[in-house]
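Undergrad: Have a look at this one before I ask anything.
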Amino acid sequence: MNKYAHIRLAAYHGNMQLPKLGLVIFTFGNVSAADHQLGVFAIKPSGVSYEDLTPEKMVVVDFNSKVIEGDLRPSSDTKTHGILYKHCNEMGSIVHTHSTYATAWAQALRDIPNYGTTHADHTVYDIPCAAPMDDAMIAGDYEHETGFQILNCLKEKEVSYKEIEMILVGNHAPFAWGKTVEKAVYNAAVLEELAKMAFLTEQINPGAARLKQSLIKKHYERKHGDDSYYGQ
Ligand SMILES: [Zn+2]
């Protein structure tokens, strides 16, 4: 068996989830799966529609985005994935979509406030929106800089990629990640749902208050703390 077969297959299954979950239309979006031991990841080829994807069509690249194996061109977002894997050695998978509600918050350049327990079950933080790129970054290596835009935002917020597994890239769209493809895809879908709920909350009550700190803590800890017991 090909030594990259496991990440090709994982990336393929992850990509196929995106249209099913309503997170992408046409060829928007991409999922990658990394093997940090081998220093490579498999990612969706550029411009290939989801119904035409196969595990064999996934492109294997190293963390500098050099193609290691595959006949097709890797997704145009490959360099962003590469930068993130290079700096985050427990990140096993990355998902990028232009899902509607999360992208709307990214375009509005707003963090998604924590308005309720659904949000608190997943993170104690507001979902950060990384500041838009300055002109020098845009004129430079754009997809490479997007990776740093994400890393810089996490650094500014003093939060690690292990504590928050989703982010909005200002003016652009969301990225989510996780240790596995399943978790990264789950996070991308949860982010879209949280974005939608927060939007509706502000529509119903523009003065809605954020969730109280005590409830944020309670909900996060019952799911993720040392004594977690939550399941539904
Ligand atoms: Zn994009």
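The values are calculated or read from the model by the stated rules, or taken from the named source; none is laboratory data. Every value quoted in this text rests on a predicted model; they were computed, and no experiment measured them. Here Cβ is always computed from backbone atoms with ideal geometry, including for glycine, and neighbour counts include all displayed protein chains. For accessibility, only protein heavy atoms count, side chains too; no ligands or nucleic acids. Shrake-Rupley method; radii C 1.70, N 1.55, O 1.52, S 1.80 Å.
Undergrad: Residues with amide H under 5 Å of residue 73's amide H, sequence separation 5 or more or different chain, H placed in the peptide plane at 1.01 Å from N; which?
TA: When sequence neighbours closer than 5 places are left aside, the close amide H contacts are 46.
Undergrad: While we're looking at this one, here's another question. Would you kindly find the accessible area of residue 218, with a 1.4 Å probe and non-protein molecules such as ligands, DNA and RNA excluded, rounding to the nearest 10 Å²?
TA: It works out to around 110 Å².
Undergrad: Another question about this same structure. Of 26, 148, 175, which has the most accessible area and how do the rest follow, probe 1.4 Å?
TA: 26, 148, 175
Undergrad: Can you compute the FRET efficiency between residue 100 and residue 141 using 1/(1 + (r/R0)^6), with r the Cβ-Cβ distance and R0 = 30 Å? Round to the nearest 0.05.
TA: 0.60
Undergrad: With a 1.4 Å probe and every protein chain left in place, tell me how much accessible area residue 151 has, in Å² to the nearest 10.
TA: 30 Å²
Undergrad: Give the cross-link partners of residue 217 among the aspartates and glutamates, using a straight C-alpha distance below 12 Å as the criterion and excluding same-chain residues fewer than 8 apart.
TA: Reachable aspartates and glutamates: 121.
Undergrad: Here's something else I'd like to know. Under a point spin-label approximation (7 Å from Cα along Cα-to-Cβ), what is the residue 89-residue 131 distance to one decimal in nm?
TA: 3.0 nm
Undergrad: If you place +1 on the Cβ of every Lys and Arg, -1 on the Cβ of every Asp and Glu, and leave all else neutral, what size is the dipole of the range 122-232 about its Cα centre, to the nearest 20 Debye?
TA: 640 debye
Undergrad: How far apart, in nm, are the 7 Å Cα→Cβ label points at residue 3 and residue 37?
TA: That separation, rounded to one decimal, is 1.1 nm.
Undergrad: Quick check for me: using +1 on Lys/Arg Cβ and -1 on Asp/Glu Cβ, what's the dipole size of the chain about its Cα centre, in debye to the nearest 20?
TA: 400 debye
Undergrad: Per the 1.4 Å probe, what fraction of the accessible area of the range 142-192, in percent, lies on carbon and sulfur atoms?
TA: 50 percent
Undergrad: Additional query: Report in % the part of the accessible area of the range 1-67 that belongs to carbon and sulfur, leaving out ligands and nucleic acids; probe 1.4 Å.
TA: On the range 1-67, the fraction of accessible area on carbon and sulfur atoms equals 57 percent.
Undergrad: Stretch residue 200-residue 223 to full length: gain in nm at 0.36 nm per residue minus the Cα-Cα span?
TA: 5.8 nm is the gain from fully extending residue 200 to residue 223.
Undergrad: Any chance you could count the Lys pairs in the range 1-81 whose alpha carbons are under 20 Å apart, treating pairs 8 or more apart or on different chains as valid?
TA: 11
Undergrad: Compute, for residue 7, the solvent-accessible surface of its heavy atoms (probe 1.4 Å) with the complete set of protein chains present, and express it in square angstrom to the nearest 10.
TA: Estimated to the nearest 10 Å², residue 7 gives 10 Å².
Undergrad: Ok, one more. Tell me the per residue accessible area of the range 99-210 using a 1.4 Å probe; a whole number in Å² is fine.
TA: I get 46 Å² per residue for this part.
Undergrad: Relative contact order, percent, of the range 49-167 when contacts are C-alpha pairs under 8 Å separated by at least 6 residues?
TA: 21 percent
Undergrad: What 222 nm value per residue comes from the helices of the chain, counting each DSSP H run with n ≥ 4 as -39,500 (n - 2.57) and dividing by all residues, nearest 500 deg cm²/dmol?
TA: -13000 deg cm²/dmol
Undergrad: Which listed residue (191, 214, 171) has the Cα farthest towards the positive end of the charge dipole for the range 168-232, taking +1 on Lys and Arg C-beta and -1 on Asp and Glu C-beta about the Cα centre?
TA: Value computed over the given set: 214.
Undergrad: Right, something else. With each label point set 7 Å from Cα along the Cα-Cβ vector, what nm distance links residue 117 and residue 152?
TA: Taking the simple label geometry, residue 117 and residue 152 are separated by 4.0 nm.
Undergrad: What does the extension gain come out to for residue 73 and residue 160, with contour length at 0.36 nm per residue minus their alpha carbon separation?
TA: 28.2 nm
Undergrad: Now for a separate question. Taking amide hydrogens as modeled 1.01 Å from N in the peptide plane, which residues meet the under 5 Å criterion relative to residue 169, leaving out close sequence neighbours?
TA: Hits under the 5 Å cutoff: 130, 175.
Undergrad: Here is a further query. With all protein chains present and a 1.4 Å probe, how do 93, 49 order by accessible area, largest first?
TA: Final ranking, largest accessible area leading: 49, 93.
Undergrad: Could you give each residue of the range 101-110 its phi-based ³J(HN,Hα) in whole Hz, using Karplus coefficients 6.51, -1.76, 1.60 with θ = phi - 60°, and x for Gly or Pro?
TA: With coefficients 6.51, -1.76 and 1.60, one gets 6, 5, 5, 4, 5, 4, 5, 7, 6, 10 Hz.
Undergrad: Decide, for the range 83-176, between rounded, prolate and oblate: order the square roots of the alpha carbon gyration tensor eigenvalues as a ≥ b ≥ c, take rounded if a/c falls under 1.5, and otherwise choose prolate if a/b is larger than b/c, else oblate.
TA: oblate
Undergrad: If you average the C-alpha positions of the range 162-224 and of the range 34-49 separately, how far apart do those two centres end up, in angstrom?
TA: 26 Å
Undergrad: Could you derive backbone 3J(HN,Hα) for the range 65-81 from the dihedral phi with the Karplus parameters 6.51, -1.76 and 1.60 (θ = phi - 60°), listing whole Hz in sequence and x where the residue is Gly or Pro?
TA: 6, 7, 5, 9, 7, x, 8, 9, 7, x, 2, 5, 8, 3, 5, 5, 4
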